[in-house]
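**Q** One structure coming up, written as structure tokens, with questions to follow.
Read the figures in this text as sums done on the coordinates, not as results from a lab. Please read these numbers as outputs of a predicted model, since none were measured by experiment. Quick reminder, even Gly has a Cβ in these numbers, built from the backbone with ideal geometry, and neighbours come from all protein chains shown.
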Amino acid sequence: MANDTVYTGRRLPGREVVIAISRRDPSDGLLTSSGEQVRHRVKHSPDGMDWGHGGAGALDCARSLLIAALGPAAQCEACGGRRRVIVHADPDIGDTPYDPAGEKPGPCDAVYDCMACDPAGGYRILPYEAFMHDFVAGWNDDGWQIGRDEILAWLARHGVTAARNPGAAGPAGLRAAKGGPEAEDSLLDPAVRSRMALADAEDLVTDAIAGGAGMEVVERLRDEAEAARDAFDADSGR
Ligand SMILES: [Zn+2]
């Protein structure tokens, strides 16, 4: 059960931090490392996440944790995380996510920036600033631990649920239909998955440059985007 996921934050020598993802065995309570980490979703702090005080690093920590806990349900439903929607001339159709590689808009349709989401990554508008005040800012400098179930309960109290409409268009709806927000990315077509990873990686580069990150950070993110591009090309048979 994904509800047994536990996030553990700790500080490496220097100021670098990691948030490890483990699974708690419900029978004996023991934690097993998943070998994965919560990814830093860059918005306020290109240089990294932080905790134990308010500020840009703590905001990014809060936001990245909420996105990790929600999984695919963190994506904006209106645009499927792509940040652009087709506004159809036929009002019965409503807006649908715009995928440059997919369905072409009709001659009378228009493509607009999605107004429903956080432009940094195409995520739902999330109350991460409140989460920072409630949790992240007060965490011990050396380390902390929080369960995904606790985060989801807090989100539910703030009006955000992980349940999505399975009929919704776009990858979020697609994934919800295939097993709810706890469904893994592995259920997606590899080409779709790698395209989303590529979009994420390119966003990180853009965000880092916009946020004034150092050349070292930008270069590293560029390398990662390059690798994501290669993976996408391979998965899409180019
Ligand atoms: Zn959106």
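**Q** Quote the convex hull volume per residue of segment 34-151, based on C-alpha atoms, as a whole number of Å³.
**A** Numbers: hull volume 16.0 nm³, N = 118.
Hull volume normalised by residue count: 135 Å³.
**Q** Report, as a whole number in µm² per second, the diffusion coefficient that Stokes-Einstein gives for segment 61-119 at 37 °C and 0.692 mPa s using the Kirkwood radius over alpha carbon pairs.
**A** Working: Rh = 12.4 Å.
Translational D for this selection: 264 µm²/s.
**Q** Shifting gears a bit: Given segment 41-84, what whole percent of its Cα pairs are spread farther than 16 Å? It would help to have the intermediate numbers written out before the result.
**A** Details: 422 of 946 pairs.
Result for the distance tail: 45 percent.
**Q** Using a 10 Å cut-off around each Cβ, can you sort V18, V205, V160, V85 from fewest to most neighbouring Cβ atoms? If you can, show how the numbers build up before the last one.
**A** Numbers: V18 14, V205 21, V160 18, V85 26.
Neighbour counts put them in this order, fewest first: V18, V160, V205, V85.
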